[in-house]
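A.B. asks: One structure, pasted below without further comment.
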Amino acid sequence: MADSDDEPYTGPIPEEDPHAGEHALFWDTMPENAQDDLTFQAMEALKEETTPEESAEGHKATGNGKLKVALRSKSKDLMRDAITCYTDGIKAQSENKKLNSMLFSNRAHAESLLGNWRNCLQDAQQAKKLDPTNTKAHYRAAKAALHLKMWGECEAACLEGQAADPEATEFAAMLQDARTKAAQEAKVKAEAAVREIAGTRPARLLADCILSRGWRVTIPQIRAESGSLPWLEADQSIHWPMVIIYPENMQQDVVQDVCETDPIDMHLDVMFGDDAPPLEWDTRREYTRERLELYYLSYAGKPLSREQLIQAMQGKWPANIASSDQEWGPKRYGSKAAAWRRLDTSCTLGELLARDDYVVPGMPLLFAVSTGTEYKDRFLEHGQR
């Protein structure tokens, strides 16, 4: 039996060609049957016959067409397509500098429409380099620089644009804007610098007083808590918190206020006097005033420079160095190798800090051991030269 003309079609439904009736110039994707399109064939044939300059001109014209449609439809995709066209025109490597300048300038314009101001500036700079008379290139460079807050670059582009075309009026307002904003920014920076100097004045004064006494400071060997910095009294005396470490039990005491003229003995008499409670961890009562010996580590580290010391006196110890760094930490060998030195506790804090081999490790740091104990011998074995 023959098929009836009235019988419904049940075969596959052909897909609709999204590019049907569309000029090949505006295809956003390559259709499968592109080779069947006469316009596409003509365009491909032209590519094989055109010179680099003709190819560049063709890409420029295509890009301009896409950009006009993009501006009407506000299509960012078409703006990107225009950029691609201008890029292809640049890649054609025409020897015509004015043409290449226009390609870079037009691409800069498309980049600006997408808000890509850095790309816009780079293309505009290249465009005006190729053709110093390209007023649009100067304008687009100035506009991009203004958006990037590059006031000097904006001013230079405006002046170049005015020199290229003295009758151009679009540069005057932009030039004034750049100069005004540059002056405002300079004023803000100057005021900030004045505030910074005023804010660091106490730290600078303290650092200079420390250095004038011949004291040297290195980075902390133990974690510096808040309130660990020295301070300057009205009589110009320097006060410093002092830490006493008991290495046998890894305990420590902090004497919060030691004046540079205070004998160390004076504070030990208070800490270990008859009225002072015994150390909780000293169950054998070995750490008494009579048996206590204090040591310091000589050449505890590389001294900070004046600027580093000023930062430290603001609580900003240099962040790019650590006590474990070989350059900054104690040395094991040489004339300035670190070693334990017993302290005559009758000396003042200032006399200790002024010793040739003493470098303050963040804050005055002393190590306490008990005389006549096995631990003291072990302690000294690992530190004496």
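The values are calculated or read from the model by the stated rules, or taken from the named source; none is laboratory data. Computed from a predicted structure; not experimentally measured. Cβ atoms come from the backbone with ideal geometry, glycine included; neighbour counts cover every protein chain shown. For the accessible areas, the whole protein counts, side chains as well, though only heavy atoms, and no ligand, DNA or RNA atoms are used. Shrake-Rupley method; radii C 1.70, N 1.55, O 1.52, S 1.80 Å.
A.B. asks: Restricting the search to the stretch 128-171, which residues are more than 25 Å from residue 114 (Cα to Cα) and of a type in the set (A, V, I, L, M)?
C.D. replies: 159, 163, 164, 168 - these are the residues of the stretch 128-171 that are more than 25 Å from residue 114 (Cα to Cα) and of a type in the set (A, V, I, L, M).
A.B. asks: Considering only the stretch 181-210, state which residues are among the polar types (S, T, N, Q), modelled with pLDDT under 95 and open to solvent by 60 Å² or more (accessible area, probe 1.4 Å).
C.D. replies: Taking the stretch 181-210 and keeping what is among the polar types (S, T, N, Q), we get 184, 200.
Then keep just the ones that are modelled with pLDDT under 95; that gives 200.
Within the stretch 181-210, no residue meets the criteria.
A.B. asks: Can you confirm whether residue 169 is over 25 Å from the mean Cα position of the chain (by Cα), open to solvent by 80 Å² or more (accessible area, probe 1.4 Å), within 30 Å of residue 125 (Cα to Cα) and not aromatic (Phe, Trp, Tyr)?
C.D. replies: Answer is yes for this residue.
A.B. asks: So which residues in the stretch 355-385 are within 15 Å of residue 253 (Cα to Cα) and either part of a strand (DSSP E or B) or of a type in the set (A, V, I, L, M) (or both), if there are any at all?
C.D. replies: Scanning the stretch 355-385 gives 363, 365, 366, 367, 368, 369.
A.B. asks: Looking at this structure, is residue 363 open to solvent by less than 30 Å² (accessible area, probe 1.4 Å) and in contact with a Phe, Trp or Tyr (Cβ under 8 Å, 6 or more places away or on another chain)? Talk me through it step by step, then tell me what you get.
C.D. replies: Values: open to solvent by less than 30 Å² (accessible area, probe 1.4 Å): yes; in contact with a Phe, Trp or Tyr (Cβ under 8 Å, 6 or more places away or on another chain): yes.
The answer is yes for residue 363.
A.B. asks: Could you grab me the full set of residues in the stretch 316-354 that are open to solvent by less than 50 Å² (accessible area, probe 1.4 Å), touching a helix residue (DSSP H, G or I) at 6+ places or on another chain (Cβ under 9 Å), in a loop (DSSP other than H, G, I, E, B) and modelled with pLDDT of 80 or more?
C.D. replies: 343, 345, 347
A.B. asks: For the stretch 100-110, indicate whether the set of residues that are within 17 Å of residue 174 (Cα to Cα), over 27 Å from the mean Cα position of the chain (by Cα) and open to solvent by less than 40 Å² (accessible area, probe 1.4 Å) is non-empty.
C.D. replies: For the stretch 100-110, residues within 17 Å of residue 174 (Cα to Cα), over 27 Å from the mean Cα position of the chain (by Cα) and open to solvent by less than 40 Å² (accessible area, probe 1.4 Å): absent.
A.B. asks: Within the stretch 38-54, identify whether any single residue is open to solvent by 70 Å² or more (accessible area, probe 1.4 Å), of a type outside the set (Asp, Glu) and at pLDDT 95 or above, and answer yes or no.
C.D. replies: Looking through the stretch 38-54, none of the residues is open to solvent by 70 Å² or more (accessible area, probe 1.4 Å), of a type outside the set (Asp, Glu) and at pLDDT 95 or above.
A.B. asks: Within the stretch 236-245, identify whether any single residue is under 30 Å from residue 102 (Cβ atoms), in contact with a Gly (Cβ under 9 Å, 6 or more places away or on another chain), outside any helix (DSSP H, G or I) and not aliphatic (A, V, I, L, M), and answer yes or no.
C.D. replies: no
A.B. asks: Name, by its number, the condition in (1) within 16 Å of residue 346 (Cβ to Cβ); (2) within 42 Å of the chain's Cα centre (by Cα) that does not hold for residue 270.
C.D. replies: Here residue 270 meets the rest and fails (2).
A.B. asks: I've got another one for you. Name the single residue, out of those in the stretch 256-286 being hydrophobic (A, V, I, L, M, F, W, C) and part of a loop (DSSP other than H, G, I, E, B), that is farthest from residue 237 (Cα to Cα).
C.D. replies: Within the stretch 256-286, the first condition is being hydrophobic (A, V, I, L, M, F, W, C), and the residues that meet it are 258-259, 264, 266, 268, 270-272, 276, 279, 281.
Within this subset, residues satisfying the condition of being part of a loop (DSSP other than H, G, I, E, B) are 272, 276, 279, 281.
Numbers: 272: 26, 276: 28, 279: 31, 281: 35 Å.
Only one residue fits best here, namely 281.
A.B. asks: Would a scan of the stretch 290-304 turn up a residue that is among the acidic types (Asp, Glu) and at pLDDT 90 or above? First the steps, then the outcome.
C.D. replies: We begin by selecting, within the stretch 290-304, every residue among the acidic types (Asp, Glu); these are 290, 293.
Applying the additional criterion that residues be at pLDDT 90 or above yields 290, 293.
The answer is yes; a qualifying residue exists.
A.B. asks: Inside the stretch 121-151, can you point out the residues that are under 31 Å from the mean Cα position of the chain (by Cα), under 23 Å from residue 55 (Cα atoms), open to solvent by less than 40 Å² (accessible area, probe 1.4 Å) and not small (Gly, Ala, Ser)?
C.D. replies: Of everything in the stretch 121-151, just one residue is under 31 Å from the mean Cα position of the chain (by Cα), under 23 Å from residue 55 (Cα atoms), open to solvent by less than 40 Å² (accessible area, probe 1.4 Å) and not small (Gly, Ala, Ser), namely 123.
A.B. asks: Something else: Find all pairs meeting these conditions: Cβ atoms under 6 angstrom apart; at least six residues apart or on different chains; first residue within the stretch 80-94 and closer than 14 Å to residue 55 by Cβ and at pLDDT 95 or above; second residue of a type in the set (Ser, Thr, Tyr) and open to solvent by 20 Å² or more (accessible area, probe 1.4 Å).
C.D. replies: These pairs meet every condition: 85/62.
Each row is one residue, and each column tells you yes or no for (1) without any contact (Cβ under 8 Å) to a residue 24 or more places away in the chain; (2) farther than 20 Å from residue 230 by Cβ.
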residue	(1), (2)
278	yes, yes
297	no, no
300	no, no
303	no, no
308	yes, no
314	no, no
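A.B. asks: Would you point out the residue of the stretch 248-270, among those that are open to solvent by 80 Å² or more (accessible area, probe 1.4 Å) and among the aliphatic types (A, V, I, L, M), that is nearest to residue 211 (Cα to Cα)?
C.D. replies: Here the residue is 266.
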